[in-house]
Amino acid sequence: CARTALKKLTVNGYQEINGRLNAPGISKMVFVSLLAVAAFCDTQSAEFPEDKCGVFLMISPELLGSKVDESDRKRFFEMFSSLLPKLEAYVARYSDYVDDILSWAYQYVNKLSLDSGLEGTQFFTETYMIEYLTRDITKTAAPHSAYLDPACGGGNFLSHILNQLYVSRLGTTADPAACMKSIFDALYGYELDPDLAAVASVNLKLKALMLLAEERPVGAADWQLFCPNIFTSVRPNGFGFLEADFAAHEIRRAADGRRRTLQDLTAVATGIYTNPPFQTVKGMPGPMKEHLKKYFSDAKCDLCNAFILQCVRKIRPGGTIGLVTQSSWMYLDSFEHMRKAVAGGSTIEAVGGFGFRAVFCFSG
């Protein structure tokens, strides 16, 4: 299985890197950077010379950020470039399954580094769930349509929406890159974890270049073609999309630091698609518990339920929401008021129920 092989590759690679650096947060992002190099080089045309160190220095600043200067990035490449052949072999073997490869690798490596504080709620969305929820996007898309994932993780939802819109629009233009840019202008993501926001941004760029490579040769100069609208909070913030005051919540774009507010993102969203974090009151930090009681009382201190309510509140009139949720809110007596709040201003078009083993990495 591609995911099992990726997990093994990630564990071994991270352990080798952190065994020498002894810096979990940096080791995690060095590994992801090397994996991104392997994925990018796989898209490059044979007519472009491969300078893997140059590719690492091109991509890694977006993932390592200001934590690491250029001299250290060069040193890290020299220290760990021996891992690249294994990463490249994986990408080549599982070329049909490398969509969102950085996202899944981050989930696995984050469980090892334990430096973000969000490891317990970061479980990403299976492809079949995304395809089910977004299956009508190309039929309903309009010139003003804009899509938001407010808990975007590694960008899996946005990556698949990008793919669907690009395939549907490609035949209407002679310029594939311009077509792709117009789609990027309609995709937005917010992520509480700044490292993961950087992963989502790079993940989307890689997806765009994979698609572009099917139309023309792709080289290093193409890396700067796209700037994904993936944002994280400017200042540490434990509430993220559940913040009470969107207009005052300042966010920055992962790729270039451009600043906006959370309100700017929801103001344009005609579609919200997300897999929110799951956490009940047991083990929930005190500040979050009090926040949910104050602003999302009908959610009964359930993080996923609070996301459902927030999405309903923030979607533009006539918009569409697609969510991966637990099912308890649909039938437990304690969530009666929540069901009324959801049904009061919305129409549920479809519900897909999944049983055990619905998520690859869960036993339940």
Positive end of the charge dipole of the chain (Lys, Arg +1 and Asp, Glu -1 on Cβ, about the Cα centre): tell me which of 233, 55, 144 has its Cα farthest that way. 233
Longest DSSP-loop-exposure-free segment, chymotrypsin sites (Phe, Trp or Tyr not before Pro), the chain, at most 12 other Cβ within 10 Å: 1-330
Hydrodynamic radius by Kirkwood, which averages 1/r over all alpha carbon pairs of the chain, in angstrom: 21.2
Ignoring trypsin sites (Lys or Arg not before Pro) buried by more than 10 other Cβ within 10 Å or outside DSSP loops, the longest site-free run in the chain is 1-281
Can you tell which of 306, 105, 141 shows the greatest fluctuation in a Gaussian network model of the chain with Cα springs below 10 Å? 141
What is the magnitude of the charge dipole of the chain about its Cα centre, with +1 placed on the Cβ of each Lys and Arg, -1 on the Cβ of each Asp and Glu, and no other charges, expressed in debye to the nearest 20? 720
Quick one: if the Förster radius is 25 Å, what FRET efficiency do residue 51 and residue 182 give, using the C-beta to C-beta distance and rounding to 0.05? 0.25
5 angstrom amide H check on residue 320, placed H, neighbours 5+ away: 271, 272
The chain, Gaussian network, Cα under 10 Å: of 351, 55, 202, the residue fluctuating most is 351
Links that overshoot a 29 Å alpha carbon limit, given the list 294/340; 67/282; 7/289; 205/300: 67/282; 7/289; 205/300
Counting helices only, and only those DSSP H runs with n ≥ 4, report the 222 nm mean residue ellipticity of the chain as the sum of -39,500 (n - 2.57) divided by its residues, in deg cm²/dmol to the nearest 500. -15000 deg cm²/dmol
Go ahead and set up a Gaussian network model of the chain, Cα springs under 10 Å, then flag whichever of 163, 229, 305 fluctuates most. 163
Could you grab the relative contact order for the chain? Cα pairs under 8 Å, six or more apart, rounded to a whole percent. 15
Accessible area per residue, 1.4 Å probe, Å², for the chain: what's the number? 45
Per the 1.4 Å probe, what fraction of the accessible area of the chain, in percent, lies on carbon and sulfur atoms? 51
Report the charge-dipole magnitude of the range 1-155 in Debye, nearest 20, computed about the Cα centre from +1 at each Lys and Arg Cβ and -1 at each Asp and Glu Cβ. 460
Just subtract the alpha-carbon distance of residue 336 and residue 323 from 0.36 nm times their residue separation and send over the number in nm, one decimal. 2.8 nm
Using alpha-carbon positions, what is the distance between the centroids of the range 272-291 and the range 153-200, in Å? 27
What is the dipole size for the range 237-281, taken about its Cα centre, with +1 at each Lys and Arg Cβ and -1 at each Asp and Glu Cβ, in debye to the nearest 20? 180
Suppose the chain between residue 170 and residue 349 were pulled fully straight at 0.36 nm per residue; how much longer would it get relative to their current alpha carbon spacing? 61.5 nm
How far is it, in nm, from the label point at residue 357 to the one at residue 70 when both lie 7 Å from their Cα along the line to the Cβ? 5.2
Once Lys and Arg get +1 and Asp and Glu get -1 on their Cβ, which of 217, 83, 187 lies farthest toward the positive end of the dipole of the chain? 187
Distance between the range 30-82 and the range 208-236 - C-alpha centres, whole angstrom: 15
Semi-axes of the equivalent ellipsoid of the range 49-172: what are they in whole Å, largest first, if each equals the square root of 5 times a C-alpha gyration tensor eigenvalue? 31, 19, 16
Cβ-defined net charge surrounding residue 258, 12 Å radius [Lys, Arg +1; Asp, Glu -1]: +1
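With both partners inside the chain, how many of the DSSP beta bridges are antiparallel, as a percent to the nearest 5? Provide the component values of the computation, followed by the final result.
Numbers: 6 of 18 bridges.
Percentage antiparallel, nearest 5: 35.
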Work out, step by step, the length gained on full extension between residue 214 and residue 132: first 0.36 nm times the residue separation, then minus their alpha carbon distance; give nm to one decimal. 27.0 nm
Under 13 Å from a point 7 Å along the Cα-to-Cβ line of residue 295: which residues of the range 259-282 have their amide N that close? 262-263
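The values are calculated or read from the model by the stated rules, or taken from the named source; none is laboratory data. Computed from a prediction, not measured in an experiment: that's the story for all the values here. All Cβ positions, even for glycine, are placed from backbone atoms using ideal geometry, and neighbour counts span all protein chains on display. The protein model used for the area step is the full one, side chains on, heavy atoms only, and it has no ligands, DNA or RNA in it. Shrake-Rupley method; radii C 1.70, N 1.55, O 1.52, S 1.80 Å.
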